[in-house]
Amino acid sequence: MSSGYFEDFEIGDSRKAGPYLVSKAEIIQVAKQFDPRPFHIDEEAAARSVFRGLTASAAHTFSIFIFLTNKVQPPLRALAGLGYDELRLPNAVRPGDELDLESIVLEKRESKSRPDTGIIRSQPHLRNQRRETVFQCVSSVLVARRPAEKAST
């Protein structure tokens, strides 16, 4: 297994995590606290919405993505998230969905300002059990480089 340092990843490498089961109770609980719109907390209102049923909020879906990011194998020695571009939520997350994360390395480069780090850009996809993408983006992460070995004396 990879140690997760910058040098251990190549363009095209894939990391995976999951499944994560999304329950109706969790959708309602998270929405009540962070996004209390009727189509996230009330099944009758949700049935009349554009979604035609209860759906997880975008904040909830993003939280599941972050949770699974911390479970990927092989792991990544991430020091800081630098940003998310091209974030998309093409399909709704519904009660009973089992979500899996797959992240593909798109680019990597050594940091110019911090020689002990590198930057990895990847494209994660969160998919349900039907393989429909429910979340995707391009992620940039600051990653630790492998420490230089000390010279023997």
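The values are calculated or read from the model by the stated rules, or taken from the named source; none is laboratory data. All values reported here derive from a predicted model rather than from experimental measurement. Using ideal geometry, Cβ is built from the backbone for each residue, glycine included, and neighbour counts are taken over all protein chains shown.
Being over 16 Å from Ala78 (Cα atoms) and modelled with pLDDT under 95 is the filter here; which residues of region 99-124 pass it? Within region 99-124, Lys112, Ser113 meet the criteria. Answer yes if at least one residue in region 18-25 is surrounded by fewer than 13 Cβ atoms within 10 Å (Cβ to Cβ), in contact (Cβ under 8 Å) with a residue 24 or more places away in the chain and either under 21 Å from Thr69 (Cα atoms) or under 17 Å from the mean Cα position of the chain (by Cα) (or both), and no otherwise. Yes, that holds for at least one residue. Is it the case that Leu76 is modelled with pLDDT of 95 or more, in contact with a Gly (Cβ under 6 Å, 6 or more places away or on another chain), surrounded by 20 or more Cβ atoms within 10 Å (Cβ to Cβ) and within 19 Å of Val138 (Cβ to Cβ)? Criteria not met by Leu76. Among the residues in region 132-141, are any surrounded by 17 or more Cβ atoms within 10 Å (Cβ to Cβ), in contact with a Leu (Cβ under 9 Å, 6 or more places away or on another chain) and farther than 22 Å from Phe9 by Cβ? The answer is yes, given that some residue of region 132-141 is surrounded by 17 or more Cβ atoms within 10 Å (Cβ to Cβ), in contact with a Leu (Cβ under 9 Å, 6 or more places away or on another chain) and farther than 22 Å from Phe9 by Cβ.
For the condition of a type outside the set (Val, Ile, Thr), over 19 Å from the mean Cα position of the chain (by Cα) and either over 16 Å from His125 (Cα atoms) or surrounded by 14 or more Cβ atoms within 10 Å (Cβ to Cβ) (or both), what is the one hit in Ser63, Ser49, Ser103? Please lay out each step first, then the result.
Values: Ser63 fails: over 19 Å from the mean Cα position of the chain (by Cα); Ser103 fails: over 19 Å from the mean Cα position of the chain (by Cα).
Exactly one residue qualifies, and that residue is Ser49.
Within region 47-64, the presence of at least one residue that is touching a residue at least 12 places away in the same chain (Cβ under 8 Å), among the hydroxyl-bearing types (Ser, Thr, Tyr) and in contact with a Lys or Arg (Cβ under 7 Å, 6 or more places away or on another chain) is confirmed. Taking region 79-96 as the range and being of a type outside the set (A, V, I, L, M) and modelled with pLDDT of 95 or more as the test, the residues that pass are Gly83, Tyr84, Asp85, Glu86, Arg88, Pro90, Asn91, Arg94, Pro95, Gly96.
Any residue in region 103-124 that is assigned to a loop (DSSP other than H, G, I, E, B) and touching a helix residue (DSSP H, G or I) at 6+ places or on another chain (Cβ under 7 Å)? If you could, list the steps in order and put the result at the bottom.
Restricting attention to region 103-124, the residues satisfying the condition of being assigned to a loop (DSSP other than H, G, I, E, B) are 111-116.
Among the residues that remain, those that are also touching a helix residue (DSSP H, G or I) at 6+ places or on another chain (Cβ under 7 Å) are: none.
Within region 103-124 (the criterion being assigned to a loop (DSSP other than H, G, I, E, B) and touching a helix residue (DSSP H, G or I) at 6+ places or on another chain (Cβ under 7 Å)), the answer is no, since none of the residues qualifies.
Filtering region 87-96 for residues that are of a type in the set (Lys, Arg), touching a residue at least 60 places away in the same chain (Cβ under 8 Å) and farther than 25 Å from Gly12 by Cα leaves a non-empty set.
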